[in-house]
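The values are calculated or read from the model by the stated rules, or taken from the named source; none is laboratory data. All figures in this text were calculated on a predicted structure; none of them were measured in a lab. Because the Cβ atoms are built from the backbone with ideal geometry, glycine has one as well, and the counts that use them run over all protein chains shown. Keep in mind that these areas ignore ligands, DNA and RNA; they rest on the heavy atoms of the full protein, side chains included. Shrake-Rupley method; radii C 1.70, N 1.55, O 1.52, S 1.80 Å.
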Amino acid sequence: MAGVDVGGTKILGGAVDEAGVVLRRVRVDTPAGEATAEDVREAIAAVVRDLAAGHPIERVGVGTAGFVNAARSMVMFAPHLPWRREPLKDELEKLLDLPVVIENDANAAIWAEARFGAAKGAADIIGVTLGTGLGGAVILGGHLVRGANGMAAEFGHVCAVPNGDLCHCGLRGCLELYTSGSALTRWGRQLVDKEGGGGLLHEMAEGDPVRVTGPMVTKAARAGDDRARGLFRDLGGWLGLGLANLAASLDPDFVVVGGGLVEVADLFMDRARESFEENLTAGDYREMPTICPAALGQDAGFLGAADLAVSGG
Ligand SMILES: [Zn+2]
């Protein structure tokens, strides 16, 4: 089987076997600039053809950022891709002459962790993916929960702070504004802007808040800068609060934290666990779920998409 993970900057595909072993990977840049919806479809099809050259492929799962409809056929809206009500399944099936299924990328990545990775064997799982934004997935009784519109588990846009900062989605105070790579960048800029000199981050940005990037905040934290480390602790605190709210609603036995920020999980996971326990109701009367970082790295998206194309979730 084969899966493809379509992101704003790269398209990563994999041919995999039923046990989740990756047989072959293909990676290309996502067409950017003036790229059309068709350009992105062609790039995905080229990745699948490349995979199929080495391994027999009978169906394809495609995971993509954005809102995917409940029928797993259309991308309703993708913030970083030129897709609006894109009939991606039909268009790719025409190009490839193979059955294709479309999935939300966070659903695909967390499903892979449930099948083959950190949460293998657990039945009731909540997962978040922390990158530029915050994606989510819910698995209950071993089944992926998609909701009436296919839009379940958009945890990034539950309200964490009433009347808080304005989100690109149009609402205010969304959780992803406080628990994502973009949160670190925004707070890092505020730190350099308001508090001025003295810190390593200020030095690295040469005093200019606009120069602050997420990787810069990470580098400063890794070098031991207290204020940069404090930003990661803040992120962990918000993450724990968000996960506690989700756990109060869904009562999982396992919580997986995935996405690119997992590479620096040691900077925020302890604080996230602490905050989770502080904020979860009836803590004395329940078994706390296991909270752990994802294990499959960048393979998770295409692995989950490939498996969901066969199993249906
Ligand atoms: Zn939002």
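Accessible area of the chain with a 1.4 Å probe: how many percent of it is carbon plus sulfur?
On the chain, the fraction of accessible area on carbon and sulfur atoms equals 49 percent.
Which net charge results for the neighbourhood of LEU134, defined as the other residues with beta-carbon distances under 11 angstrom from its beta-carbon, given Lys and Arg at +1 and Asp and Glu at -1?
Once all neighbours under 11 Å are counted, the net charge is -2.
Starting from the Cα-Cα distance between MET288 and GLN190, subtract it from 0.36 nm times their residue separation and give me the gain in nm to one decimal.
31.8 nm
Given Cα positions, please report Rg to Rh for the stretch 11-101, the hydrodynamic radius being the Kirkwood one.
0.95
Take the Cα atoms of the stretch 53-139, build their convex hull, and give its volume per residue in Å³.
It is 130 Å³ per residue.
If you take the beta carbon distance between VAL21 and ALA123 as r and set R0 to 30 Å, what does 1/(1 + (r/R0)^6) give as a FRET efficiency, to the nearest 0.05?
0.80
Please compute the per residue accessible area over the chain with all protein chains in place, 1.4 Å probe, rounded to a whole number of Å².
For the chain, the solvent-accessible area averages 44 Å² per residue.
Given the whole protein assembly as supplied and a 1.4 Å probe, what does the accessible area of LYS120 come to in Å², nearest 10?
140 Å²
Per-residue ellipticity at 222 nm for the chain, helices alone: DSSP H runs ≥ 4 residues times -39500 (n - 2.57), over residue total, nearest 500 deg cm²/dmol?
So the calculated ellipticity at 222 nm is -11500 deg cm²/dmol.
Filter the GluC sites (Glu not before Pro) in the stretch 9-57 down to the DSSP loop ones having no more than 15 other Cβ atoms within 10 Å, then list what survives.
GLU18, GLU34
Tally Lys and Arg at +1 and Asp and Glu at -1 over the other residues with C-beta under 14 Å from the C-beta of LEU296: what net charge comes out?
Summing Lys and Arg as +1 and Asp and Glu as -1 gives -3.
Largest first, what is the accessible-area ranking of CYS169, CYS174 with a 1.4 Å probe?
In descending accessible area the options line up as CYS169, CYS174.
When every alpha-carbon pair in the stretch 20-60 is counted, what percent end up more than 13 Å apart?
The proportion of pairs with Cα distances above 13 Å equals 57 percent.
Could you give the radius of gyration (one decimal) and Dmax (whole number) of the Cα atoms in the chain, in Å?
Every Cα atom of the chain included, Rg and Dmax give 19.7, 60 Å.
Can you tell me the orientation of helix 105-116 relative to the chain, as the angle in degrees between its alpha-carbon axis and the longest Cα principal axis, to the nearest 10?
80 degrees
What is the distance, in nm, between label points placed 7 Å from the Cα along the Cα-to-Cβ direction at VAL310 and at HIS55?
Roughly 0.9 nm, to one decimal.
Classify the stretch 90-244 as rounded, prolate or oblate from the Cα gyration tensor: take a ≥ b ≥ c as the square roots of its eigenvalues, call it rounded if a/c is under 1.5, otherwise prolate when a/b beats b/c and oblate if not.
Verdict is prolate for the stretch 90-244.
Going by accessible area, probe 1.4 Å, with all protein chains left in place, what is the ranking of ILE57, ILE125, largest first?
So the residues, ranked largest to smallest area, are ILE57, ILE125.
Where does helix 226-250 land angle-wise versus the long Cα axis of the chain, in degrees 0 to 90, nearest 10?
Helix 226-250 sits roughly 60 degrees off the main axis of the chain.
On average, how much area does the Cα convex hull of the stretch 239-313 cover when viewed from any direction, in nm²?
Approximately 5.6 nm², given one-decimal rounding.
For the chain, calculate the relative contact order in percent as a whole number, restricting contacts to Cα pairs under 8 Å that are 6 or more residues apart.
21 percent
In bins 5 Å wide, starting from 0, what share of all Cα pairs of the stretch 194-282 does each bin hold, as a percent?
Values per bin, smallest distances first: 3, 14, 21, 19, 14, 12, 9, 5, 3, 0.
Sort out for me the Cα centre separation of the stretch 245-313 from the stretch 222-237, rounded to whole Å.
Between the Cα centres of the stretch 245-313 and the stretch 222-237 lies a distance of 21 Å.
Any chance you could check the Cα centroid distance between the stretch 89-164 and the stretch 20-43 for me, in angstrom?
20 Å
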